[in-house]
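Asker: Handing you this structure, nothing more for now.
The values are calculated or read from the model by the stated rules, or taken from the named source; none is laboratory data. In this text, all values refer to a predicted model and were calculated from it rather than measured experimentally. Heads up, the Cβs are rebuilt from the backbone with ideal geometry, glycines too, and the neighbour counts pull from every protein chain shown.
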Amino acid sequence: MSISLEQVYSHPSVEAFGKALRASLRFDQDFSSLIDLENAETNEAIAEALKKFLRRNYKSKLLPTEQDLKDLAKLIDEAGARVVRTALISHALVWDSSWGTKKEAEPEQTKE
């Protein structure tokens, strides 16, 4: 069974990782993670890029859960590295107007 791009894009683990990557780009200027993902074309390369991303952003309040990571790994095996990579980057580059301006604090749902 083939998985469509729409199913990959709307998968909760892709959304969680995309949102975390968006926050790291916006608030921490972590462009290295975006470049690592963009250059990843195999399952192993995406795993390495995600590992580096999680290591760089371990203090973030928006990090995906361990279950998201497992689900994403399964999705990469099912749908392919390039499709999942494209969905992750698309989620990361979407503008979220609810986060306000750059000078404001992190998104409301991350505050405890």
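Asker: If you scan segment 32-53, which residues turn out to be farther than 15 Å from His91 by Cβ and either in contact with a Leu (Cβ under 7 Å, 6 or more places away or on another chain) or of a type in the set (Val, Ile, Thr) (or both)? Quick ask: steps written out before the conclusion?
Answerer: Going through segment 32-53, the residues farther than 15 Å from His91 by Cβ turn out to be 32, 35-36, 39-45, 47-48, 51-52.
Selection gives Ile35, Thr42.
Asker: Considering each residue of segment 60-105, count those that are touching a helix residue (DSSP H, G or I) at 6+ places or on another chain (Cβ under 6 Å), modelled with pLDDT under 90 and charged (D, E, K, R), and give that number.
Answerer: 1
Asker: Next up: Looking at Ile46, is it of a type in the set (Val, Ile, Thr), closer than 25 Å to Gly80 by Cα, out of contact with any helix residue (DSSP H, G or I) (no Cβ under 8 Å at 6 or more places or on another chain) and in a helix (DSSP H, G or I)?
Answerer: For Ile46, the condition - of a type in the set (Val, Ile, Thr), closer than 25 Å to Gly80 by Cα, out of contact with any helix residue (DSSP H, G or I) (no Cβ under 8 Å at 6 or more places or on another chain) and in a helix (DSSP H, G or I) - is not met.
Asker: I want to confirm something. Restricting to segment 82-94 and keeping residues that are of a type in the set (Gly, Ala, Ser) and buried (at least 18 other Cβ atoms within 10 Å of the Cβ), which single residue is nearest to Ile3 (Cα to Cα)?
Answerer: Ala87
Asker: Filter segment 53-70 for residues that are exposed (fewer than 15 other Cβ atoms within 10 Å of the Cβ) and part of a helix (DSSP H, G or I) and give the result.
Answerer: Looking only at segment 53-70, we keep the residues that are exposed (fewer than 15 other Cβ atoms within 10 Å of the Cβ), and these are 55, 58-59, 61, 65-67, 70.
Selection gives Arg55, Glu66, Gln67, Lys70.
Asker: Another one. Quick one: in segment 12-23, which of the residues that are crowded, with 22+ Cβ neighbours inside 10 Å and out of contact with any His (no Cβ under 8 Å at 6 or more places or on another chain) is nearest to Ala81 (Cα to Cα)?
Answerer: Across segment 12-23, the extreme among qualifying residues is Ser13.
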